[in-house]
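The values are calculated or read from the model by the stated rules, or taken from the named source; none is laboratory data. Just so it is clear, the structure is predicted and the values come from calculations on it, not from any experiment. Glycine also receives a Cβ, built like all others from the backbone with ideal geometry; neighbour counts cover every protein chain displayed. Ligands, DNA and RNA are stripped out before the accessible areas are found, and what is left, the full protein with its side chains, is counted by its heavy atoms. Shrake-Rupley method; radii C 1.70, N 1.55, O 1.52, S 1.80 Å.
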Amino acid sequence: MRVLEAACVAAAGADALPALLSPGAVAVARGRIVGVDTCENLRTRFPAAERLSLGDAILLPGFVNAHQHGRGLSQIQLGYPDDALEPWIARRRGRGAPDAYALTRLAAAQMVANGVTTTLHANYSYATGDYERELRVAIRAYDEAGMRATICVGYADQGGLVYPQADEDAFRHTLPPAAQALLNSARPAYLPLAATLVLMARLLEDYGGHPRLTFAYGPAGPQWVSDAAWRALAQDAARRGIGLHFHLLESPAQAQAARTLYPDGVLAHLEALGVFAAQASAAHFAQATPADIKAAARLGLTIVANPGSNMRLYNGPPAIAAWRAAGLAVAVGTDNCAVDDTEDYLRELRIGALLARGTEASGTRSEAVRMLAMGTTAGAQAAFQTGTGRIAPGLKADLVALDLARIRGAYLDADADLLDAVMARGCGADVALTMVDGEVIYRQGEATEAFGASATARAARSAGPGTSEASEAIATALRRHYADRPS
């Protein structure tokens, strides 16, 4: 039993709005919140409990990074800068596979240092030819970090080079021999469909009952997955009661492909395949049309915005204000491509909240409340997590404490709403403590970069000579290919 005492606690109040207790305290036992009250009342109620005084800090629900890939080193650090999405992906072909465990362990350490208690690990593969091993070492990394994680078992069976898939043969013939040789040498990124279903069964058996690990399917996205695979994955997800998380309408090229492949609308197509018989969430949606937004709202699809990634990779800012107006639940993920090239979740969340404002000012504190909800309750929904995202008795003890010294700054008016100040001024450097299941997994000042030593040592390109030039040729050809297509 432990009681955390702070200058302020953002407890769950009426109508899910935070009720600020100043000062306040939270009692935790066996991984759950067992009391939220004044410090005096909880001291009286739990006289033998260990007391942890956080001083001038605010306790918030732990943040949920609802879409990222376990990449602890950014593209800038790895030597391939921002570009349009499809050429950017192609330029990675000239790089060797880094240590998946080390990169994921570094990403996890960065997230917990920024107050993230829960994450969704979206589909990702380094194409080593051993996807199961890549996935299992990533799972180990999250588990060792003490995070709560939803692990997506990835799948893709088409469109790996260009989409629609029918364009691939013609596209390959435009490439120089070295580029064609690089493509021919590629190993499979994911398992075949039947093996993917078997892998999910094994993982659920191996980790069944784990207190912090949850599993979902991660079909890469509509243009990357065949109809037959969508049906099979959705049926298995619905049968097992697990979620489906996928990329959706991320780039202009994907929007072009969707108009060709799904003339009646991509979401209507997925609905006809039975995809929404299971829980579902989708990332990006930056190229959604008003009709797509209306369809997503009708289906109750939770959207994960990735504002930094979308703008950095030339996909445009996500239309979060329009999504909100349509009634969509919106969460936020960093995509390991945040606006400032770090895992500072609060800063990324703030970009999302500003994009959500639109042009109608409310004149109330609702903006700060909505911003907090995007990073907590909506994130938990997108990651298929229950019992987390708020501070209330009976819920999981997933908490973050922010030091208020820098947030208050030289002066903070007595009439200022503290939650407004936290949401407007807080950043990762203010995180004093991160707790998951009642266990402290980070304290302010602890180093995270030590986990990157192995990742750094293996990050240098390991493919043969000329592969960078070959991958650059593919990227250039992709730029030309998509530019030449009718919009």
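Can you confirm whether THR386 is within 25 Å of ALA278 (Cα to Cα), open to solvent by 30 Å² or more (accessible area, probe 1.4 Å) and not in a helix (DSSP H, G or I)? It is true that THR386 is within 25 Å of ALA278 (Cα to Cα), open to solvent by 30 Å² or more (accessible area, probe 1.4 Å) and not in a helix (DSSP H, G or I).
The residues of segment 276-308 that are open to solvent by less than 40 Å² (accessible area, probe 1.4 Å) and either at pLDDT below 95 or among the small types (Gly, Ala, Ser) (or both), listed by number, are ALA278, ALA280, SER281, ALA282, ALA283, ALA286, ALA288, ALA295, ALA296, ALA297, ALA305, GLY308.
The residue of segment 74-92 that is nearest to ASN315 (Cα to Cα), among those that are aliphatic (A, V, I, L, M) and surrounded by fewer than 21 Cβ atoms within 10 Å (Cβ to Cβ), is ALA84. Reported count of residues in segment 36-73, each being closer than 22 Å to THR118 by Cβ and part of a strand (DSSP E or B), is 13.
Which residue out of THR196, THR174 is buried (at least 18 other Cβ atoms within 10 Å of the Cβ), out of contact with any Ser or Thr (no Cβ under 9 Å at 6 or more places or on another chain), among the polar types (S, T, N, Q) and in contact (Cβ under 8 Å) with a residue 24 or more places away in the chain? One residue alone meets the criteria, THR196.
GLU250 meets all of the listed conditions (1) open to solvent by less than 10 Å² (accessible area, probe 1.4 Å); (2) over 20 Å from the mean Cα position of the chain (by Cα) but one, namely (2).
Within the option set THR128, THR119, THR104, being assigned to a strand (DSSP E or B) and under 22 Å from VAL153 (Cα atoms) holds for one residue only, THR119. Sub-8 Å Cβ pairs linking a first residue in segment 297-319 that is within 12 Å of ALA282 (Cβ to Cβ) and part of a loop (DSSP other than H, G, I, E, B) to a second residue that is among the β-branched types (Val, Ile, Thr) and open to solvent by less than 10 Å² (accessible area, probe 1.4 Å), at least 6 apart or interchain, are ASN306/VAL332; ASN306/THR334, ordered by first then second residue.
Whether any residue in segment 389-410 is surrounded by 23 or more Cβ atoms within 10 Å (Cβ to Cβ) and within 20 Å of LEU248 (Cβ to Cβ) is what I want to check. Within segment 389-410 (the criterion being surrounded by 23 or more Cβ atoms within 10 Å (Cβ to Cβ) and within 20 Å of LEU248 (Cβ to Cβ)), the answer is no, since none of the residues qualifies. When GLY96 is tested against (1) more than 19 Å from GLU144 (Cβ to Cβ); (2) open to solvent by 10 Å² or more (accessible area, probe 1.4 Å); (3) modelled with pLDDT of 95 or more; (4) not hydroxyl-bearing (Ser, Thr, Tyr), just one condition goes unmet, and that condition is (3).
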